[in-house]
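Every number in this text was worked out from the coordinates using simple rules, so none of it is lab data. Because the structure is predicted, anything quoted here is derived from the model rather than measured. Using ideal geometry, Cβ is built from the backbone for each residue, glycine included, and neighbour counts are taken over all protein chains shown.
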Amino acid sequence: MKKIVKTILLGCLVILPLFALSACSSRSHFATQKDQWQTYTKEKKIKIGFDATFVPMGYEEKDGSYVGFDIDLATAVFKLYGIDVEWQAIDWDMKETELKNGTIDLIWNGYSVTDERKQSADFTVPYMVNEQVLVTKKSSGIDSVAGMSGKTLGAQAGSSGYDAFNASPKILKDIVANQKAVQYSTFTQALIDLDSGRIDGLLIDRVYANYYLEKSGVLDQYNVMPAGYEGESFAVGARKADKTLIKKISQGFRTLYKKGEFQKISNKWFGEDVATDQVKGKK
């Protein structure tokens, strides 16, 4: 009898940890199915996914620290609610998958609102506007979108620019070499290839292009021109079930603006107030 009891107890000791492990591993699945605001406030932390190369929105410094406009803004928003931010560098092409799987709780890094992305995520109010630009070297002689006819174009995989490239083919896709764009995992890699002549033009966010080229001291060597696509809005992306989280972030934007903190962060990174009318409370 003792032997039987001992066997049962040993079996329980094996099964219970496995059950617990299963419960923990499935937590991220449950997180995608319901509003998690109470969990975030209880744990006092939230995980945000971002592209660690997207200057000046959010990027990694040489010392390993994360800095940028979105880094400062997100930190300030969640400070209002007593929540610490954990930043998770991700493959930008996999951002919606990471959000769905529960690996991250938010996508916050110059994330443009598009109809396609609305199928996978819900968005806060837009906090900044952006547009796609075509960047070429002045020495190439390409000073217009039409000048890209038969030329090699580059774009970041999974970016709103690449989505626009495919959605509105008459602007660039129909005229560039092979009717396709060379895809890069980061804009930094793409700019290196543009500089070396491996590609002739780069479709990129204006905010990134201007900041990167100016900080590198080579802005005067490049043409930065509107690509012709519709303007975009940057917003924060969350799982559709996280209704309260979306509401709290949007409220946080407006609170920070009323306090003047949003403007301070904006001036630090852009030298001007980039807040949208929604953040200013005008809409």
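Mean-square fluctuation check for the chain, GNM, Cα pairs under 10 Å: which of L245, L219, L202 is largest?
Maximum fluctuation in the GNM of the chain, among the listed residues, is at L219.
Read phi for every residue in region 236-243 and hand back ³J(HN,Hα) as whole Hz from Karplus 6.51 cos²θ - 1.76 cosθ + 1.60, θ = phi - 60°, with x for Gly and Pro.
So the J values, rounded to whole Hz, are 9, x, 9, 5, 4, 6, 7, 4.
At 0.36 nm per residue, and after removing the present C-alpha to C-alpha distance, how many nm does the segment from R198 to N178 gain when stretched out fully?
Net length gain for the segment: 5.7 nm.
Determine, for I246, I142, the number of other Cβ atoms within 10 Å of each Cβ, and report the residues in order from fewest to most.
Starting with the residue having the fewest Cβ neighbours, the order is I142, I246.
Among DSSP bridges having both ends in the chain, what percentage is antiparallel? Round to the nearest 5.
Details: 21 of 35 bridges.
Here the antiparallel bridges make up roughly 60 percent for the chain.
How many nm separate the modelled label positions at S168 and S144, each set 7 Å beyond the Cα in the direction of the Cβ?
Once both label points are built, they end up 1.8 nm from each other.
Please order M57, M148 by the number of other Cβ within 10 Å, starting at the fewest. It would help to have the intermediate numbers written out before the result.
Working: M57 25, M148 21.
Ranked by crowding around the Cβ, least crowded first: M148, M57.
For every other residue with a beta carbon closer than 14 angstrom to the beta carbon of S140, add +1 if it is Lys or Arg and -1 if Asp or Glu, then tell me the sum.
Values: positive: K137, K138, K151, R198; negative: D143, D193, D195, D200.
Computed value for this residue: 0.
Could you tell me how far the Cα centroid of region 47-68 sits from the Cα centroid of region 145-207, in Å?
23
If R0 is 25 Å, what FRET efficiency do you get for K268 and K79 from their C-beta distance, rounded to 0.05? Could the numbers behind the result be given before it?
Working: r = 16 Å, r/R0 = 0.64.
With R0 = 25 Å, the Cβ-Cβ based efficiency is 0.95.
For V113, V77, what ranking results if the residue with the fewest other Cβ atoms within 10 Å of its Cβ goes first?
Values: V113 18, V77 25.
So the residues, fewest neighbours to most, are V113, V77.
May I ask you to evaluate 6.51 cos²θ - 1.76 cosθ + 1.60, the Karplus curve with θ = phi - 60°, for each residue of region 88-102 and list the ³J(HN,Hα) values in order in whole Hz, giving x for glycine and proline?
Values, residue by residue: 10, 5, 9, 6, 4, 5, 10, 4, 5, 5, 4, 5, 4, 6, x Hz.
Suppose only helical runs count, i.e. DSSP H with n ≥ 4. What mean residue ellipticity at 222 nm does that imply for the chain under -39500 (n - 2.57) per run, divided by all residues and rounded to the nearest 500 deg cm²/dmol?
Computed ellipticity for the chain at 222 nm equals -12000 deg cm²/dmol.
So for the pair K62, E214, with labels modelled 7 Å out along Cα→Cβ, what separation do we get in nm?
Each label point is offset 7 Å from its Cα along the Cβ direction, giving 2.2 nm.
Would you mind checking the pairs K62/K248; K47/K268; K243/K280 and listing those with alpha carbons more than 28 angstrom apart?
On the way: K62/K248 33 Å; K47/K268 24 Å; K243/K280 21 Å.
Distance filter (> 28 Å) returns K62/K248.
At what distance in nm do the modelled label points of K118 and K240 sit from each other, each positioned 7 Å from its Cα along Cα→Cβ?
Label-label distance for K118 and K240, simple model: 1.3 nm.
Once you've got the GNM for the chain with C-alpha springs shorter than 10 Å, pick whichever of T124, T97, T136 has the biggest mean-square fluctuation.
Of the options given, T97 has the highest mean-square fluctuation.
What are the ³J(HN,Hα) couplings of region 174-188, residue after residue, when phi is run through the Karplus curve with 6.51, -1.76, 1.60 and θ = phi - 60°? Round to Hz, x for glycine and proline.
Along region 174-188, the couplings run 5, 10, 6, 4, 6, 6, 8, 10, 5, 9, 10, 6, 9, 5, 4 Hz.
For V236, what residues show an amide H to amide H distance below 5 Å, using hydrogens built from the backbone and excluding near sequence neighbours?
T124
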